[in-house]
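Take a look at the structure below.
The values are calculated or read from the model by the stated rules, or taken from the named source; none is laboratory data. Bear in mind the structure is a predicted one, so any value in this text is a computation, not a measurement. Because the Cβ atoms are built from the backbone with ideal geometry, glycine has one as well, and the counts that use them run over all protein chains shown.
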């Protein structure tokens, strides 16, 4: 089965064709990131406007790279939420139109579920059930327990800032570029990661929730009180990164222990952070699976993969975008 996946939940206009849920035939990503770098964050109106320009050329490029025609795909999958409402509308309305014109099944996909299924793409080791899935991105930090395809039990999530959002805000405080995750990772000196003793919010709470706004505020106060000089930024960046990593890994391991699972799936844009990957490998005795960096960020291939393993087509007229839903 060949599925066309469409992902437009944020600033990427991403389309891909995936065969049988794992083989990527094409994966096109057009991003308006250069525009948002100037403002230090995503401007929703600009993101949606750029996606209206990129959606059709990206569709054409995805089909051309996959060497198929539109009527040769077996289904159309699209992210319908959560995300930015204007951006979601571009993808959803495009998918509905393609489904109607070609009489192909339309499969709506939750954005977070899409991230989880990036772990099934182009891999020689298919994830096993049950597992704990940690989704960490700019807008989301969530932990799920999966007993099988279609089975997603949300154990916890962030109560305020997502981990990726905290990276962005702290990078701005330190005068670094956007996006903040790669910028902080680049300047962080791991030998100095314990220079500043920053809080690990909710680390010992009985639940699986997260909170990163207080950590961000701690960095802001520290920088203001001590007038951090440029030469001190590598130590502060490393200390902040370590606080986030420690919190994420500790909570995920706690969930794995409570649910008696030996497999953890790591996905989302922050999953590309090398220190996070290393910490999981150092502290978890079971199997840790992480999608490649190119598939950790938003892309259409993950949407197509999720649709394949959770195939539940809907009438095109019934699919609507939802910016705030959780599975």
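When you look at residue 265, is it assigned by TED's automatic domain parsing to the domain that holds residue 145, farther than 24 Å from residue 240 by Cβ, within 16 Å of the chain's Cα centre (by Cα) and modelled with pLDDT of 95 or more, yes or no?
Numbers: assigned by TED's automatic domain parsing to the domain that holds residue 145: yes; farther than 24 Å from residue 240 by Cβ: yes; within 16 Å of the chain's Cα centre (by Cα): yes; modelled with pLDDT of 95 or more: yes.
Against the criterion (assigned by TED's automatic domain parsing to the domain that holds residue 145, farther than 24 Å from residue 240 by Cβ, within 16 Å of the chain's Cα centre (by Cα) and modelled with pLDDT of 95 or more), residue 265 qualifies.
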Residue check, residue 170 in a helix (DSSP H, G or I) and either at pLDDT 95 or above or crowded, with 21+ Cβ neighbours inside 10 Å (or both): yes
Members of the range 201-212 that are farther than 17 Å from residue 165 by Cβ and touching a residue at least 12 places away in the same chain (Cβ under 8 Å): 203, 207, 208
Candidate set: the range 105-125, residues that are touching a residue at least 60 places away in the same chain (Cβ under 8 Å) and assigned to a loop (DSSP other than H, G, I, E, B); chosen: the one nearest to residue 21 (Cα to Cα): 121
Selected residue (only one of 245, 249, 270 is closer than 24 Å to residue 126 by Cα, in contact (Cβ under 8 Å) with a residue 12 or more places away in the chain, assigned by TED's automatic domain parsing to the domain that holds residue 182 and out of contact with any strand residue (DSSP E or B) (no Cβ under 6 Å at 6 or more places or on another chain)): 249
Matching residues in the range 296-317 - criterion: being at pLDDT below 95, part of a helix (DSSP H, G or I) and closer than 29 Å to residue 179 by Cα: 296
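Can you find, within the range 145-163, the residue that is surrounded by the fewest Cβ atoms within 10 Å (Cβ to Cβ) among those that are touching a residue at least 24 places away in the same chain (Cβ under 8 Å) and in a strand (DSSP E or B)? Talk me through it step by step, then tell me what you get.
Looking only at the range 145-163, we keep the residues that are touching a residue at least 24 places away in the same chain (Cβ under 8 Å), and these are 145-146, 149-150, 152, 154-163.
Next cut, in a strand (DSSP E or B) only: 145-146, 152, 154-158.
On the way: 145: 19, 146: 22, 152: 19, 154: 13, 155: 20, 156: 18, 157: 18, 158: 21.
Here the residue is 154.
So if I check each of 115, 140, which one is within 21 Å of residue 179 (Cβ to Cβ), modelled with pLDDT under 95, touching a strand residue (DSSP E or B) at 6+ places or on another chain (Cβ under 8 Å) and surrounded by 18 or more Cβ atoms within 10 Å (Cβ to Cβ)? Quick ask: steps written out before the conclusion?
Numbers: 115 fails: modelled with pLDDT under 95.
From the options 115, 140, the qualifying one is 140.
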Of all residues making up the range 11-50, the number that are closer than 20 Å to residue 95 by Cα, touching a residue at least 60 places away in the same chain (Cβ under 8 Å) and in contact with a helix residue (DSSP H, G or I) (Cβ under 6 Å, 6 or more places away or on another chain): 11
